[in-house]
Amino acid sequence: MCMGGRGVVWLGILALWSAPALAGPGDLTPRSAEEREPLEMIEPPPIGRVCTKVGTLCWFAGSRTTIAVESGAIASAPGKAGLPITPRFARAASLAANGTTPAETGRGWTVDLQATLKRQSWAGNMVFLIYDADDPEALSARQFTALYQTAVKSSRSLSARLSLTGEEGFRAGRTYRVRVVQLVGGKEVLLAEGDVTLL
């Protein structure tokens, strides 16, 4: 299940989660064959990718159409001094035969993220809240660019792929903060977070 669009207030999300019935996989409009789901869990995690800093997200290019501007995986944790520069990802040169760019063909960025969680997740819903980190009011006002939700097994680690497109509200030249949370007993439990810049 996914939601996008700025101006959605967190209290509305709490109301949605507390509703007696949520949309099931069969209730959502399926995407076309060309469209990728915005959130995919990766199991098992790719071999050779290690993310040891607890509670931070490590980032990797997730497809041939997305390239990391810095080499290798970079961990990011907002608000902590002495950390690496926020990882940046650009769209690769067009692979289309007609000479159009990825932006013109509607493609966005595909990034993989991996984390060792702050605590073991509960079996159930895991939520990815994505905020525009360049907007000073987005975080404090709980306004997000997109929200993605998926069912997970209990685990201490996370490996997922995000497909971020203009249709979902993502823009080049912006930095986004991703928070991975679960709602437990009416409280938001933060499992991991990090920033990523799209070029």
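Which order do the peptides 132-138, 47-53, 190-196, 60-66 take when ranked by the mean count of other beta-carbon atoms within 10 Å per residue, highest first?
Numbers: 132-138: 15.0, 47-53: 11.4, 190-196: 22.0, 60-66: 18.4.
Packing proxy ranking, top to bottom: 190-196, 60-66, 132-138, 47-53.
If you find the alpha carbon centre of the stretch 114-133 and of the stretch 145-192, how far apart are they in angstrom?
Computed from Cα coordinates, the inter-centre distance equals 6 Å.
Under the Karplus relation 6.51 cos²θ - 1.76 cosθ + 1.60, θ = phi - 60°, what is the ordered set of whole-Hz ³J(HN,Hα) values for the stretch 113-128, x standing for Gly and Pro?
Going residue by residue, I get 10, 9, 7, 9, 6, 5, 8, 5, 6, 8, 5, x, 7, 10, 10, 10 Hz, with x marking Gly and Pro.
Can you pull out the trypsin sites (Lys or Arg not before Pro) in the stretch 103-176 that DSSP calls coil and that have at most 11 other Cβ atoms within 10 Å? List each step's numbers first, then the result.
Values: sites: Arg107, Lys118, Arg119, Arg142, Lys153, Arg156, Arg161, Arg171, Arg174; in loops: Arg107, Lys118, Arg119, Arg142, Lys153, Arg156, Arg171.
When the trypsin sites (Lys or Arg not before Pro) of the stretch 103-176 are filtered for loop state and at most 11 Cβ neighbours within 10 Å, Lys153 remain.
Once you have the Cα-Cα distance between Glu43 and Leu139, take 0.36 nm times their residue separation minus that, and quote the gain in nm to one decimal.
Details: separation 96, 0.36 × 96 = 34.56 nm, distance 3.03 nm.
Result for the pair: 31.5 nm of gain on full extension.
Semi-axes of the equivalent ellipsoid of the stretch 140-199: what are they in whole Å, largest first, if each equals the square root of 5 times a C-alpha gyration tensor eigenvalue? Could the numbers behind the result be given before it?
Values: eigenvalues 105, 42, 25 Å².
After diagonalising the Cα gyration tensor, the semi-axes are 23, 14, 11 Å.
Values in this text are rule-based calculations from the coordinates and carry no lab data. No experiment lies behind these values; they were computed from the predicted model shown. Neighbour counts run over all protein chains shown; Cβ positions are idealised from the backbone, glycine included.
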